[in-house]
Each structure stands twice: as structure tokens, then as C-alpha cells.
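Working notes, structure below.
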Amino acid sequence: MRCKHSGNGSGQGNDTEDEDHEFFDAMEEEVSSAMEDKTSFVIKVPVNRKNKIKSGESSDESEGETVTETQQVIFVEDKERAENTMGGAEAATVSKPSDNKEQQDIKVWPHVSQVSGTVDGRPRRTRVPDKPNYPLSLWSIMKNCIGKELSKIPIPVNFSEPLSMLQRLTEDYEYSSVLDQAAKFGDPAQQLAYVAAFTVSAYATTANRITKPFNPLLGETYECDRMTDLGWRSISEQVSHHPPMVAQFCEGAAGWLCWQEFTMTTKFRGKYLQVIPMGGAYAQFTSSGNKYTWRKVTTTVHNIIVGKLWVDNHGDMDIVGEAGPAAGYVAHLKYLPYGYFSKDTQRKVTGVIKDPQGVPRYVLQGHWDSRVEVAPVTSASPDNTVCKTGKFVVAWECVPAPPDSDKFYNFTVLAAQLNEPEPGVAPTDSRLRPDQRLMEEGLWDEANAEKLRLEEKQRAARRELEAAAESAAAAGLPPPAPPGPVWFTRQAAPGQPRLRHLYNHRYWDCKRRADWTACPDIF
């Protein structure tokens, strides 16, 4: 489970990957070890510098060209200071919330494993039916797909899990308590450190979840209302079919909002499959107006043909402060690729949070499948290449999955509850998708037949629209407008030129009135 990988200092996610990466198989049972007790480590950080203007070219040095270079920064824990201030001022530096009393009173909601919620008057479930044994060769399906876009390949449910991509993306909020904690901090650098920890937590389940979620149908939706027990609710919609795109909006009772527009490209190389996310994700804190944006890193699934499937997340991620007092703050995160000769534990993540002047303020280290620690930078050399840090504290820690989860797709408790039947949802909700429900119940042959029916129904609707457009053109009339998203509107955000799908804030009101007249018939 190793790879040789050339460095990439591009920041903001990986739009492209080096096609010459060479991957190697490794021991199947190898997993990342527990967090190492390291007191020093090195991070390569992007730094913007201005090239000097040659003599005679310009009299204004401010017109120099800005270039991005990679600077190696050594972080060393200040042991003497940490020991002298243990439990005192230094600890307060890490955990001190904002002086704003309203922010101090923000509630940090529990993890799903600590609550016993109900749905329709009954306790929520904690597992799904066991996965049946349906042997099928992946190579028999994939051998004719090399070089093709994965989203256009008809794949049986045998390689899936009984969740849609809409539901899988909702799992990003399993550790929403990290955002609750971030809402307490008035210092943008400390808040950004916790936002960074939250983005890492979204990869916690990918280490052993190698099955594929269902591709949503155009117009398919998914709501997850856990406001009463977990402190958040979200709404997602498949807003585009070519390319497949999900728009999602989530709001937290602790005073944060998150939204994203998720699409991806895939590269199938025979031995491994790369999933490269596109589109942006955003988080905003309502009390301060602090807003952050990022793009997810690349996920690679190895041993597609022979051996045990395993997953690696790798690449660079920049989380950028866009608005409020956080504007100009940046978190540089590096997800280290699995290295054949690396001495580091695998699945490692390191990062540094810098203020608008480029000064390191916080540092982050951990593993994307276990936990993340953060520490404040207490002092730095004049060129910011050597920094001393305070004591590290845990910002996020993974909650173990149920002990028998390997029998039901390696689901966490939250994942097991996502597809639980619930009354009052929209008729386009993923819970009502018949092929997915049949698969969850273990009726895979029936699920495959139903999946083909739904896909053909979607293709027939597209053919009808194309025929109507041709008839209109023959009559000299404008073509009929294709059906658009119901709960999201494609428009430019204030101050942003690019069009994106923004939530129109209608869903929960329509649910309260049980008014689903705008929903298409997709199932």
C-alpha cells in the first residue's frame, strides 16, 4: 500500500494529478499507528515572494511579479515553556474561547454514538442488515472501462453500499462538534485550526469504506434533520447529471453554516482508481461573519484487479479565509501519500495556519483515520523557518465504528441511520429510492433490475426533452427550458463572479406545509 509521489505545492486541492505516479502493493493488514509523541517535525509551506525588477525595467519595485515558492519550516515544541505553564497560561492559550459571552455560551453537541434519538416515535437504529455474499468479479466489469469516465459506467449494486452519494456527503458532518467548538473562538487563527481539523475528520470512514455509493438521479434529494439531538440539519440535491453534481447546505445550532458544490473527475488506471473532487466547500460563522473555503483532496483506491482494496487520501489543501476578521488567514494542509520507503506513519496530515502577514500562528498534525492535534506557535525566527509551539491538544478524535460493522459495509452509527425510513420527507428523497432500499434488504437481484428501470426512466425523460427541443426548433420556437433544481438556484454569490448553486431557503418551509408540488417524478 505504498506510492512514490512527486511533491506538489499547488495549494487549493489537486485539480490534476501526475499521471506518472507509480503505486506499489503493500501488506494488506497495515494500518496507521497511534499518534506519535513527536516534539518536532517539518512542513513545506507555500510562500508568496516578489521577484526583484531588473535595473531599468521599472522604477516602482512594487510592480514586481509575485511568485509562489515552497519554504521548509521546522516546528519544535517549547518543552520548557509547556512544563512551566502546564494547566496555566499556555493551556489557556489553546482552549480560551472568545471574550464574547454569547460565543462562550455556545453548546457543543454530542457525537451520534452518545445520543439515543428517535424517528417516528421509535428509537433510531444502529445498524443495517448484514451484507449478503454475492460473489462477482470486479475485473469482469472493469476490464472494458479503462480510460472511461466512471460515472458513465453501469455498475451493478454488488459493488455499492446502500447509500447514495447525497447521503455519503452528509457523513461529512459526523464530527460537527468540531465546528461547534470552532464557533466558540474569537481568534481567527484558532478558529481556522479547528475548521481544518473538521475537514480532516470527513475522511475518517474512507480507510475501510471501499464500496461505491449510488449515483443520484437528476432531481434526487436527501434531507437529514438531526437538529434536536446532534445540533444540525442539511439538505442535498443532485443539480446536474452531466457532469454529476451535488449541491448541499447544512446549518448548525451553534451558529455555523456549511455548503458545497461537489463534482468529481475519475481516472481508472487498471490497478488503481483516482477520484479527484472538484467544486468548493464553505463554512461561515454567523456571529463573526468569518467565512472559509476549501477544496477536497484526491482519493485513490488501490488493488482494483488483484488483492484487497485499500484507500489513500493525498494531496495539498488550502483553507482560505474569505470574509470577516478571518479574511487573509490561510491553513496549508498536506495529506502525505502512502510512501513505500517513508519512515512516517501512514495516513498522516500536517498543516500550518498563517495570518494575513504570512506569520505562522497555529500548527496541526495527525492522521486522517484517527485524530488531529493543534498547538499555538509561541515564537518564530525572523524568516519564519523555525517556530516553537505550545502544547498540542486534541481537536478531533475518531469514534470507533461498531465492533461488527464489517458485516454491514463498515458503516458507522450515523451511516446506518442515514437511510432509515422517515415520514414526511420529499418524494425525491434517497430513502424512497427503490433499488437502494432493495439492496439494503439483501435483495440484490431485484435491486439490479430496479436500478436498470430507474436509469432507463431517466434516459427516456431526457429523450423526451431533446425531442421537444427539436420540434420547437422546426417550428421556429425557442426550446423548452429543461427542469432546474428545486431547492438550489444557480447564481453568483455577492461579490463573487462565478455562478454556483446556492440554497434558496425553501425546503424546510415546504416540508412544514407538506407542499411537494415542485418535486419531479423520478422514482
Subject >> Total residues in the range 308-335, condition within 16 Å of residue 207 (Cα to Cα), open to solvent by 10 Å² or more (accessible area, probe 1.4 Å) and under 16 Å from the mean Cα position of the chain (by Cα) >> reply: 0
**OP:** Working only within the range 290-316, note down all residues that are part of a strand (DSSP E or B) and closer than 13 Å to residue 192 by Cα.
**Re:** 291, 292, 293, 294
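How many of the residues in the range 372-394 are assigned to a strand (DSSP E or B) and either open to solvent by 60 Å² or more (accessible area, probe 1.4 Å) or touching a His at 6+ places or on another chain (Cβ under 7 Å) (or both)? Outline the logic, then answer.
Of all residues in the range 372-394, those assigned to a strand (DSSP E or B) come to 372-380, 386-389, 393-394.
Remaining after also requiring either open to solvent by 60 Å² or more (accessible area, probe 1.4 Å) or touching a His at 6+ places or on another chain (Cβ under 7 Å) (or both): 386, 388, 394.
Matching residues across the range 372-394 total 3.
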**OP:** Examine the range 412-427 for a residue that is hydrophobic (A, V, I, L, M, F, W, C), within 30 Å of residue 379 (Cα to Cα), in contact with an Asp or Glu (Cβ under 8 Å, 6 or more places away or on another chain) and open to solvent by 10 Å² or more (accessible area, probe 1.4 Å), and state whether such a residue exists.
**Re:** no
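Among the strands (runs of 3 or more DSSP E) lying completely within the range 186-289, list those that include at least 3 residues that are open to solvent by 10 Å² or more (accessible area, probe 1.4 Å) and in contact (Cβ under 8 Å) with a residue 60 or more places away in the chain.
Working: elements: 212-214, 221-226, 232-241, 244-252, 256-268, 272-278, 281-285.
The strands (runs of 3 or more DSSP E) meeting that bar are 232-241, 244-252, 256-268, 272-278.
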**OP:** Return the residue satisfying two criteria in turn: it lies in the range 108-129 and is within 16 Å of residue 224 (Cβ to Cβ) and assigned to a strand (DSSP E or B), and of such residues it is most open to solvent (accessible area, probe 1.4 Å).
**Re:** 118
Original post:
Quick check, is residue 442 out of contact with any Asp or Glu (no Cβ under 9 Å at 6 or more places or on another chain), part of a loop (DSSP other than H, G, I, E, B) and not acidic (Asp, Glu)?
Top reply: no
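State yes or no: is residue 218 more than 30 Å from residue 377 (Cα to Cα) and of a type in the set (A, V, I, L, M)?
yes
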Original post:
Just to be sure, is residue 480 assigned to a loop (DSSP other than H, G, I, E, B), without any contact (Cβ under 8 Å) to a residue 60 or more places away in the chain, farther than 22 Å from residue 215 by Cβ and of a type outside the set (S, T, N, Q)?
Top reply: yes
Original post:
surrounded by fewer than 22 Cβ atoms within 10 Å (Cβ to Cβ) and more than 28 Å from residue 362 (Cβ to Cβ) - does that describe any residue in the range 292-302?
Top reply: yes
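The values are calculated or read from the model by the stated rules, or taken from the named source; none is laboratory data. Being a predicted model, the structure only gives us computed values, none of them experimental. Don't worry about glycine lacking a Cβ; one is built from the backbone with ideal geometry, like all the others, and counts go over all protein chains shown. Just the protein is used for accessible areas: all its heavy atoms, side chains included, with ligands, DNA and RNA removed. Shrake-Rupley method; radii C 1.70, N 1.55, O 1.52, S 1.80 Å.
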